[in-house]
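Visitor: Pasting in a structure now, in structure tokens, and then I'll have a few things to ask.
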Amino acid sequence: PRPILLTRHGESRDNVRGRIGGDSVLSDAGELYSKKLSNFIEKRLKSERAASIWTSTLQRTIITASPIAGFPKIQWRALDEINAGVCDGMNYKEIKKNMPEEYESREKDKLRYRYPRGESYLDVIQRLEPVIIELERQRAPVVVISHQAVLRALYAYFADRPLKEIPHIEVPLHTIIEIQMGVTGVQEKRYKLMD
Ligand code: G3H
């Protein structure tokens with residue numbers, strides 16, 4: 001059985017500041033994760049010649065993948081983080097203070113809430129469809145380096161979790177979630193490479 005390895009990008013500078021969206025580079029901790037991830041992947045997929053690395057088109061995932069050698073890398077726009085529209089670049093405190101109605105509607109229905117000029121979780125789930133189709137077709141392992149909201153949706157699909165849970169699933173930084181699809185169902189392992 002072929003594994004699918006899911007991970008968020010290494011911690012970004014915007015993660016440190018609590019800002020959503022943007023296209024920032026990695027923090028020092030994030031840089032360290034990219035090296036640890038690369039060591040892990042090169043060992044884990046040593047004899048897997050047909051494996052590939054999929055990232056989003058945002059710098060933080062491309063930089064996280066950059067030390068990994070020996071596998072083709074594919075960038076997908078569909079793996080980009082949820083588009084926070086007018087809230088892009090803000091932190092949650094600023095959204096709550098400056099746009100309290102928006103903040104509250106999101107609290108009430110995080111799955112359906114769509115950022116003005118941006119996306120909802122349902123939008124993200126829909127745009128992931130071609131990625132999922134392609135993942136299902138792969139015979140070789142795939143490493144997906146993406147973002148929290150996107151990975152919540154991908155994980156929920158493979159782990160068969162209900163739609164309403166998706167916006168609340170925990171997908172921690174610096175952790176690899178390995179999913180194995182076998183005849184008996186889906187098996188999951190987690191590798192926490194650092195805090
Ligand atoms: O930047 C967006 C976050 O990764 C998604 O977090 O949907 O829990 O606000 P949230």
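Visitor: Out of Ile74, Val86, Leu151, whose Cα points farthest toward the positive end of the dipole of the stretch 42-195 (charges: +1 Lys, Arg; -1 Asp, Glu; placed on Cβ)?
Guide: Ile74
Visitor: How big is D for the stretch 1-82, in µm² s⁻¹ as a whole number, if Stokes-Einstein is applied with the Kirkwood radius of its Cα pairs at 37 °C and 0.692 mPa s? Present the calculation step by step, with values, prior to reporting the outcome.
Guide: On the way: Rh = 13.2 Å.
Diffusion coefficient, whole number: 248 µm²/s.
Visitor: Using the 10 angstrom Cβ neighbour count as an exposure proxy, how do Val131, Val16 rank, fewest first? Numbers along the way, then the final one.
Guide: Numbers: Val131 21, Val16 14.
So the ranking, lowest neighbour count to highest, is Val16, Val131.
Visitor: Same structure again: If Lys and Arg each add +1 and Asp and Glu each add -1, what is the summed charge of the other residues whose beta carbon sits under 13 Å from the beta carbon of Ala69?
Guide: +3
Visitor: Pairs of alpha-carbon atoms within less than 8 angstrom and 6+ residues apart define the contacts here; what relative contact order does the chain have, in percent?
Guide: Dividing the mean separation by the residue count of the chain yields 31 percent.
Visitor: Determine the sum of side-chain charges near Asp23: Lys and Arg each +1, Asp and Glu each -1, restricted to other residues whose C-beta is under 12 angstrom from that of Asp23.
Guide: Here the charged neighbours net out to -1.
Visitor: What does the helix-only formula give at 222 nm for the chain: each DSSP H stretch with n ≥ 4 adding -39500 (n - 2.57), the total divided by the residues, and the result rounded to the nearest 500 deg cm²/dmol?
Guide: The per-residue figure over the chain is -10500 deg cm²/dmol.
Visitor: Note down the magnitude of the dipole of the chain about its Cα centre, charges +1 on Lys and Arg C-beta and -1 on Asp and Glu C-beta and zero elsewhere, to the nearest 20 debye.
Guide: 420
Visitor: If I take the Cα coordinates of the stretch 59-120 and project them onto the principal axes, what are the three extents in Å, biggest first?
Guide: 48, 21, 17
Visitor: I need two numbers for the chain: Rg to one decimal and Dmax as a whole number, Cα atoms only, in Å.
Guide: My reading of the Cα-based Rg and Dmax gives 16.6, 53 Å.
Visitor: Given Pro100, Ser47, Ile4, which one lies farthest toward the positive end of the charge dipole of the stretch 1-149, if we put +1 on the Cβ of every Lys and Arg and -1 on the Cβ of every Asp and Glu?
Guide: Of Pro100, Ser47, Ile4, it is Ser47.
Values quoted throughout were computed directly from the atomic coordinates according to the rules given, and no laboratory measurement underlies them. Treat the numbers as computed from the prediction; the structure is a model and nothing was measured. Backbone-built Cβ (ideal geometry, glycine too); neighbour counts: all protein chains shown.
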